[in-house]
Amino acid sequence: MIEIRKEDVNDYGEVYNVIKTAFKKAEHSDGNEQDVVVLLRKSNSFIPELSLVAVNENKIIGYILFSKVKIGNDTELALAPLVVLPEYQRKGVGTLLIKEGHKTAKQLNYNYSIVLGSNKYYSRLGYIPASKYNIKAPFDVEDECFMAIKLNESAKIINGIVEYDKAFNI
């Protein structure tokens, strides 16, 4: 049985290795995703409640982090990274992490989450091109790969260029 829970400090080393392992053969990776997470944890963008691990038989098999971003005048979320160890991929672990993250984000009164990734994967979870919300990336990217989800249907309409934490080096 897979448990999704908040990451704690004792998980940091194992999470670092899970991220490194999961991105080793990733199609789009610069190899420093685990280091970005280390920097994010020390930043004002870090939200401990939105740093989640997936655990199976006392082993961390997946990780997700939602951190603060600015979109225009609003503070919202960026989902990055989402990782699952290769042997546990395509088994619903990522979906469980995203759903729990979205639930917690709503409870914390965040209204939007953005993600840069596969539209085939993230669209299944409600993400649509961010341009449909007038949310723009601060870099050139194909429209269908830069996505957003409105977590709270009654949220006000926002728009603007996303400002990521400096840890992302964007």
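The values are calculated or read from the model by the stated rules, or taken from the named source; none is laboratory data. Quick caveat, the model's predicted, so the values are computed rather than measured. Note that each Cβ is placed from the backbone with ideal geometry, even for glycine, and that neighbours are counted across all protein chains shown.
Some observations on this one:
- Of residues in segment 146-170 being closer than 9 Å to residue 71 by Cβ and part of a strand (DSSP E or B), the one farthest from the chain's Cα centre (by Cα): 160
- Flag if residue 136 is surrounded by 16 or more Cβ atoms within 10 Å (Cβ to Cβ), more than 24 Å from residue 7 (Cβ to Cβ) and not hydrophobic (A, V, I, L, M, F, W, C): yes
- Residue that is surrounded by the fewest Cβ atoms within 10 Å (Cβ to Cβ) [pool: residues in segment 145-165 that are touching a residue at least 40 places away in the same chain (Cβ under 8 Å) and touching a Pro at 6+ places or on another chain (Cβ under 8 Å)]: 161
- Filter pass, residue 56 being more than 19 Å from residue 165 (Cβ to Cβ) and modelled with pLDDT of 95 or more: yes
- Among the residues of this structure, residue 109 counts as one that is without any contact (Cβ under 8 Å) to a residue 60 or more places away in the chain, surrounded by fewer than 15 Cβ atoms within 10 Å (Cβ to Cβ) and over 16 Å from residue 4 (Cβ atoms).
- Hits in segment 26-76 - residues which are of a type in the set (S, T, N, Q), part of a strand (DSSP E or B) and in contact with a Lys or Arg (Cβ under 9 Å, 6 or more places away or on another chain): 51, 75
- Taking residues in segment 121-136 that are free of Cβ contacts under 8 Å to residues at least 60 places away in the same chain and under 18 Å from residue 84 (Cβ atoms), and partners anywhere that are β-branched (Val, Ile, Thr) and in a helix (DSSP H, G or I), the pairs with Cβ atoms closer than 6 Å and at least 6 places apart or on different chains are 125/98.
Here is a yes/no grid of residues against (1) under 11 Å from residue 149 (Cα atoms); (2) under 16 Å from the mean Cα position of the chain (by Cα); (3) modelled with pLDDT of 95 or more:
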residue	(1), (2), (3)
62	no, yes, yes
72	no, no, no
100	no, yes, yes
127	yes, yes, yes
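- Of the listed requirements (1) out of contact with any helix residue (DSSP H, G or I) (no Cβ under 6 Å at 6 or more places or on another chain); (2) surrounded by 15 or more Cβ atoms within 10 Å (Cβ to Cβ); (3) in a helix (DSSP H, G or I), residue 10 misses just one: (2).
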